[in-house]
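For reference, the structure discussed in these notes is given below.
The values are calculated or read from the model by the stated rules, or taken from the named source; none is laboratory data. It should be emphasised that the depicted structure is a prediction, and the values quoted were computed from it without experimental measurement. Heads up, the Cβs are rebuilt from the backbone with ideal geometry, glycines too, and the neighbour counts pull from every protein chain shown.
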Amino acid sequence: MTIAVVVFPGTNCEHDIVHALDLAGADSELVWHTETDLAWALGVVLPGGFAHGDYVRTGAIARFSPVMAEVERLAASGIPILGICNGFQILCEAGILPGALVANRDLKFICKPVYLRVESTDSILTSAATIGQVLKIPLNSYEGQFVADDIDAIEDADEVILRYCDPDGEIREHSNPNGSTNAIAGITNAARNVAGLMPHPERASETILGSNDGMVMIESFVESVRRVRV
């Protein structure tokens, strides 16, 4: 089972996700953003970082990288696609996921652990979790506030899979670190094979990192890739 981990100029979390995928028993291969053939990939990860220096706005340039035509094609064919932080921003810029990520409410870079509540298990990112489960995951971003013109449609379609919350699972204003609409931290597409989130599950893959809560999401993604293989 081989997962393509796409690297753009400025990506800096590719080795973190490769390590987490390895812990979950998956093989992965780093792919430069100029690649135009991912027919061999059974899953794709767009990792975190600052693609093209986040010039113009996050993901705006990366969205036009040659590899994105393949990512779009694979997404349309049902291959599992995961975007983490900058990868989430790129997927939204490309229109593969709805909405956009804009500057945090307080116009400050956020670098701290946050708590996420699992809202749905019907996604490649949360299938191994349980609804209501609370996960402690690091957040590292400046443009992480999720907004969308069609927020009601996203909610009604049950495409919200993660929300920022308190350690006890309650959704409160102070537990929403970046001001995301409806405290949304992660979403899926209508077909349920594409998911994106702002926090970094790969940075919560071992207890030595302060939390291994992210592995339930990494393992969910790997299992979705295994099902494609079968």
Within the range 186-230, of all residues that are among the basic types (Lys, Arg) and under 16 Å from the mean Cα position of the chain (by Cα), the one surrounded by the most Cβ atoms within 10 Å (Cβ to Cβ) is Arg203
For the range 26-72, name all the residues that are touching a Pro at 6+ places or on another chain (Cβ under 6 Å) and under 25 Å from Pro98 (Cβ atoms). Gly43, His52
Looking at the range 81-95, which of its residues are closer than 14 Å to Leu197 by Cβ and either surrounded by fewer than 24 Cβ atoms within 10 Å (Cβ to Cβ) or not aromatic (Phe, Trp, Tyr) (or both)? Ile81, Leu82, Gly83, Ile84, Cys85, Asn86, Gly87, Gln89, Ile90, Leu91, Cys92
Which of the residues belonging to the range 172-197 are assigned to a loop (DSSP other than H, G, I, E, B), closer than 18 Å to Gly95 by Cβ and of a type outside the set (D, E, K, R)? Asn189, Ala190, Ala191, Asn193
Residue count, the range 198-216, condition in a strand (DSSP E or B) and hydroxyl-bearing (Ser, Thr, Tyr), comes to 1
Of the residues that make up the range 161-176, is at least one of a type outside the set (Lys, Arg), more than 15 Å from the chain's Cα centre (by Cα) and on the phi > 0 side of the Ramachandran plot? yes
Index of the failed condition, Thr34 passing every other in (1) under 18 Å from the mean Cα position of the chain (by Cα); (2) among the β-branched types (Val, Ile, Thr); (3) at pLDDT 95 or above: (1)
Can you tell me which residue in the range 175-185 is surrounded by the fewest Cβ atoms within 10 Å (Cβ to Cβ), limited to those that are in contact with an Asp or Glu (Cβ under 8 Å, 6 or more places away or on another chain) and farther than 20 Å from Gly59 by Cα? Asn182
Failed criterion for Ile90 (all others in (1) within 23 Å of Ala204 (Cβ to Cβ); (2) of a type in the set (Val, Ile, Thr); (3) within 13 Å of the chain's Cα centre (by Cα); (4) part of a loop (DSSP other than H, G, I, E, B) hold): (4)
Out of (1) in contact (Cβ under 8 Å) with a residue 40 or more places away in the chain; (2) polar (S, T, N, Q); (3) under 17 Å from Thr126 (Cα atoms); (4) touching an Asp or Glu at 6+ places or on another chain (Cβ under 9 Å), what's the single condition that is false for Asn193? (4)
With the requirement that a residue be in a helix (DSSP H, G or I), closer than 21 Å to Glu223 by Cβ and not small (Gly, Ala, Ser), what does the range 60-81 give you? Val71, Leu74
